[in-house]
Amino acid sequence: MKSEKLFPWCSRVLLRHFIIIFGVLAMIMISGCSDPGSKLIGAWSEYSQYEYGKERCEFFKDGSCYFEISNQRVAGRWSELEDGRIKVEVTKSGLFGGTSVMTLFAVVTADELILDGGGDSRGTYARDGSNRAAEIQSAIKKAVEEREIRIEAEKRAQAKKREAERLTREKQREAEQAARAKKVEAAQAFLAGHNAFRRSLYAQGVAEYERSWGLGNVDALNKLAWHFATCKDVKQHNGKRAVELALKLTKLKPIANNLDTLAAAYARNGQFEEAVSTQVRALSLGHIDGGENRLKLYRQGRPYQEQ
């Protein structure tokens, strides 16, 4: 009977002790899990969109820590504040001696750490060796590869654009050189036509003036129309052609002297009413040597001829 009473009592004692020990262990585990500082312990690597591990840091249980920045090791301390935040103080050396303390606040979420110093002083870290660190490195590698592809594509596009611009400039220079050469050739042909007419070499002069006009010299049209309308050699007269050339001339360049030529062409072609109206219009635009005398001839129904 005594043994029957003893065993239940022992069982109750053991159960009570087991519950106490289990409760203590549970409190320790809960306390450890809820401690923000315990999550901070370990080594971390900073990351950005295209870089991983440029800056590293490690936190220890004794409240010490260090940062590796540009191959320099900087010591610091960390502590938990009453409001639950984690403060990190890093001692930095100045350029000209002396030290300064930079204060950061740490926020830990799983395997990621944010160190915030206010303003632009903010860094994001991944716990070394964690799955999250591996995921981030993989994502960064992909982003870097995609960036390199974009950069190469942009370089090719820029090179293509520069080549196109170079070819455009080259074509422009060639066009300008051709235009200058054409202008020089037109001027040379015009002068050759003038010299041929002075020597009464009319066929040669007409050919040179036509070549000059073909090269874009509008003034050569004036010389041709005037020649066929007023040449002292009556065999050169051609009123129809003179009017045709003079109309082209005044359409391109309706100035007083050119209208004077058109009036002479009309008169040579027997169109005296048109010759008079055109000569009046020419004189209204400015002074023309011999213009008034030619107007009198046209009113009399007579064409003008050089002497």
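Here T124, T278 are placed in order of increasing Cβ neighbour count within 10 Å, fewest first, which gives T124, T278. For a quick check of your reading of the filter: which GluC sites (Glu not before Pro) in the range 74-137 sit in a DSSP loop and have no more than 15 other Cβ atoms within 10 Å? Within the range 74-137, the qualifying GluC sites (Glu not before Pro) (loop, at most 15 other Cβ atoms within 10 Å) are E82.
Counting other Cβ atoms within 10 Å as a rough exposure proxy, the listed residues Y202, Y47 run Y202, Y47 from fewest neighbours to most. Counting only alpha carbon atoms, the long axis of helix 2-34 and the longest principal axis of the chain meet at about 30°. Rounded to the nearest 20, the Cβ-based charge dipole of the chain about its Cα centre (Lys and Arg +1, Asp and Glu -1) stands at 1560 debye. By the helix-only formula, in which each DSSP H run with n ≥ 4 contributes -39500 (n - 2.57) and the sum is divided by residues, the chain has a 222 nm mean residue ellipticity of -20500 deg cm²/dmol.
Every number in this text was worked out from the coordinates using simple rules, so none of it is lab data. Computed from a prediction, not measured in an experiment: that's the story for all the values here. Here the Cβ is made from the backbone with ideal geometry for all residues, glycine too, and neighbour counts use every protein chain on show.
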